[in-house]
Amino acid sequence: MTKTFEEKAEQVSSLQKARSTYQPKLPASLKQGIKNLKMIQGEETSAAGNADEIKKMFTNLFGSKVVTFQPGEESVSGRTMNVGVILSGGQAPGGHNVIAGLYDAIKEANPENKLIGFLGGPSGIIEGEYREIEKDYIDQFRNTGGFDIIGSGRTKLESEEQFEKTLYTCQKLQVSAIVIIGGDDSNTNAAMLAEFFKRKCEDVQVIGVPKTIDGDLKNEQIEISFGFDTATKVYSELVGNIQRDANSAKKYWHFIKLMGRSASHIALECALKTHPNITLISEEVKEKNVSIAQIIDYMANIIAKRAENGKNFGIALIPEGLIEFIPEMKSLISSLNDQLAECENKKEYASLHGWESKIAYIKGLLRAENSDLFNSLPKSIQIQLLLDRDPHGNVQVSKIETEKLLTEMLEAKLADMKSKGEYKGKFSTQTHFFGYEGRCAAPSNFDADYCYSLGYNAFALIQFGLSGYISSVRNLTKPAEEWVAGGIPLTSMMNMEKRHGKQKPVIKKALVELDGVPFKEFSENRETWAIQDCYIYPGPIQYFGPSEVVDTPTETLKLEKK
């Protein structure tokens with residue numbers, strides 16, 4: 001028997017009950033209501049790169065104008081409509097509030113409008129699996145973490161066949177607009193789907209919403225992707241707790257790997273929040289062509305200097321994707337991917353039993369420089385490099401215990417230094433990986449407000465007949481009242497990149513900028529943080545209290561807008 005909302009409410013925590021009454025803040029431009037808006041168009045846009053090629057592929061969308069909303073009355077269609085919504089990719093705090101903001105705007109525009117939630121990600125719209133989202137249902141999820149309202153998935157909407165099936169579902173359910181909540185790949189697919197509908201002269205709009213805790217979907221108009229604020233606050237609380245423990249026990253070096261395969265935004269933000277002794281930034285390692293031996297030397301010198309001061313403890317933050325940014329490791333991984341993808345090698349490798357024989361076989365296939373590096377790695381890391389590939393044929397970086405690789409190599413390095421009288425300390429370690437802990441956390445006030453605004457704003461874009469846009473809310477270091485709502489064409493964020501051997505249009509990832517203010521702030525202080533105990537203990541996310549405590553955005557964003 002299905003439980004009522006009241007019965008389910010008895011099962012939730014006191015915090016969730018209190019949060020259910022929180023009304024997210026909206027920018028002034030949206031606060032007057034969805035029917036009281038006027039749209040201001042800016043200049044035509046180009047692309048983030050390879051403009052000529054992007055223009056050829058998106059003939060109907062390319063060159064669209066940036067838009068912003070202001071309070072006012074403008075004639076828009078008041079037709080009854082069904083809007084579909086999809087959660088795509090990994091979870092990020094605030095997704096439920098995007099849907100809540102979208103729902104409220106839809107119903108405010110016309111109570112007869114319907115919101116259709118496609119289940120399990122993009123596969124839901126392909127297969128026609130859905131549920132209508134109604135008031136009693138959405139009210140259970142306001143200001144909560146997770147994507148369990150309709151579930152998510154990683155199916156890519158990119159083939160003509162998938163687009164045709166999507167169109168069939170939309171026609172069957174009379175869906176005239178789709179909101180895709182996802183990261184760079186998901187929003188790339190949203191642009192492709194929008195172009196398909198335009199080409200087919202089908203009246204189905206597509207709007208994207210920027211989501212990823214990695215923080216690598218951003219530009220001048222998209223100042224931050226939702227979920228990054230909450231996730232980094234959760235990770236920083238944990239890092240702060242461990243720093244407090246390390247400073248109390250004074251006997252362990254803690255090596256903490258943090259999510260972020262393609263970019264080190266999370267590691268940088270957590271470093272700015274907590275001031276650990278060592279933080280590695282993947283983009284810097286790549287830019288300076290740093291070898292793994294040089295990384296070990298750098299870390300060992302800090303460990304030795306702290307030991308001279310009687311401090312045999314410390315904290316090191318390591319981005320998840322570091323191993324792929326070390327040039328020599330990147331070359332090794334690329335070679336392993338190629339060799340394991342080659343049909344004859346793949347077949348023979350699969351027939352082998354036991355890791356000893358598999359490792360020996362692979363060594364025989366590698367070039368000398370790659371083979372030497374592979375031989376130097378601990379056996380546990382060699383095995384992790386040979387585990388099953390992802391659907392794209394690439395090594396699954398999150399399964400490589402980079403933090404343990406570094407501790408094992410540091411143990412060997414410090415033992416060598418000790419034999420030469422260069423190190424007299426003790427080196428005991430603890431390793432951690434913070435990833436899933438932050439993906440479904442209850443959103444901070446910032447993310448609760450930002451996500452609700454993104455969802456509400458997404459319907460404003462639909463209401464004005466736009467398609468191929470991403471919901472944009474900016475000026476985020478100011479109070480929510482001063483945020484600027486609008487939208488930018490998805491094609492303006494795109495460039496061409498090589499994927500699976502072919503050039504494809506993709507939204508350009510935003511990596512840590514080494515000449516940016518946040519990295520400069522970090523680099524100017526890291527030598528001091530390395531030796532002195534400058535630890536900051538952020539504590540848990542605060543939901544109630546003064547605005548300067550509960551509404552503050554990330555350190556990265558504050559420095560970028562300084």
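The values are calculated or read from the model by the stated rules, or taken from the named source; none is laboratory data. Note that the coordinates shown come from a computational prediction; the quantities given were computed from them, not determined experimentally. Glycine gets a Cβ as well: all are built from the backbone with ideal geometry, and neighbour counts include every protein chain shown.
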Margin query: Take E408 and tell me if it is touching a residue at least 24 places away in the same chain (Cβ under 8 Å) and in a loop (DSSP other than H, G, I, E, B).
Written below: no
Next item on the list: Check off (1) assigned to a strand (DSSP E or B); (2) in contact with a helix residue (DSSP H, G or I) (Cβ under 8 Å, 6 or more places away or on another chain); (3) of a type in the set (D, E, K, R) for K165 and give me the number that stays unchecked.
Entry: (1)
Next item on the list: From S75, S64, grab the single residue that is assigned by TED's automatic domain parsing to the domain that holds S467, at pLDDT 95 or above and of a type in the set (S, T, Y).
Entry: S64
Check: Assuming P276 fulfils every condition listed in (1) buried (at least 22 other Cβ atoms within 10 Å of the Cβ); (2) under 17 Å from the mean Cα position of the chain (by Cα); (3) farther than 19 Å from I541 by Cβ; (4) of a type outside the set (S, T, Y) apart from one, which condition is it?
Finding: (2)
Check: Given the range 453-562, what strands (runs of 3 or more DSSP E) lie entirely inside it while holding 2 or more residues that are touching a Ser or Thr at 6+ places or on another chain (Cβ under 9 Å)?
Finding: 469-474, 484-489, 502-507
Notebook entry, point to check: Somewhere in the range 396-404, is a residue surrounded by 14 or more Cβ atoms within 10 Å (Cβ to Cβ), under 30 Å from the mean Cα position of the chain (by Cα), among the basic types (K, R) and under 27 Å from N289 (Cβ atoms)?
Noted result: yes
Note to self: So if I check each of A307, A316, A263, which one is in contact with a Gly (Cβ under 7 Å, 6 or more places away or on another chain) and under 23 Å from E513 (Cα atoms)?
What the structure shows: A263
Next item on the list: Among the residues of the range 143-161, write down those that are of a type in the set (G, A, S), part of a loop (DSSP other than H, G, I, E, B) and out of contact with any Cys (no Cβ under 8 Å at 6 or more places or on another chain).
Entry: G151, S152, S159
Check: In the range 169-209, what residues are without any contact (Cβ under 8 Å) to a residue 40 or more places away in the chain and farther than 19 Å from I106 by Cα?
Finding: Q171, L193, F196, K200, C201, E202
Next item on the list: Of all residues in the range 411-424, count the ones that are outside any helix (DSSP H, G or I) and surrounded by 14 or more Cβ atoms within 10 Å (Cβ to Cβ).
Entry: 1
Notebook entry, point to check: Is there a residue in the range 87-102 that is in a loop (DSSP other than H, G, I, E, B), farther than 26 Å from T169 by Cβ and touching a helix residue (DSSP H, G or I) at 6+ places or on another chain (Cβ under 6 Å)?
Noted result: yes
Notebook entry, point to check: With F434, F446, F427, F459 as the choices, which residue is over 29 Å from the mean Cα position of the chain (by Cα), modelled with pLDDT of 95 or more and buried (at least 16 other Cβ atoms within 10 Å of the Cβ)?
Noted result: F427
Next item on the list: Please find, within the range 521-562, the residue that is farthest from the chain's Cα centre (by Cα) out of those that are among the basic types (K, R), closer than 24 Å to F446 by Cβ and surrounded by 13 or more Cβ atoms within 10 Å (Cβ to Cβ).
Entry: K561
Notebook entry, point to check: Within the range 463-482, restricting attention to residues that are of a type in the set (D, E, K, R) and closer than 15 Å to K558 by Cα, which residue is surrounded by the most Cβ atoms within 10 Å (Cβ to Cβ)?
Noted result: R474
Notebook entry, point to check: Looking at the range 338-351, which of its residues are within 32 Å of the chain's Cα centre (by Cα) and crowded, with 16+ Cβ neighbours inside 10 Å?
Noted result: Q339, L340
Checklist line | Residues being surrounded by fewer than 19 Cβ atoms within 10 Å (Cβ to Cβ) and not charged (D, E, K, R) - total across the range 308-332 | finding: 5
Next item on the list: Six or more apart or on different chains, Cβ under 6 Å: which pairs go from a residue in the range 358-383 that's surrounded by 14 or more Cβ atoms within 10 Å (Cβ to Cβ) to one that's of a type in the set (K, R) and at pLDDT below 90? Could you list them?
Entry: none
Next item on the list: Just name the residue that is nearest to the chain's Cα centre (by Cα) out of those in the range 279-300 that are under 20 Å from Y535 (Cα atoms) and surrounded by 24 or more Cβ atoms within 10 Å (Cβ to Cβ).
Entry: I281
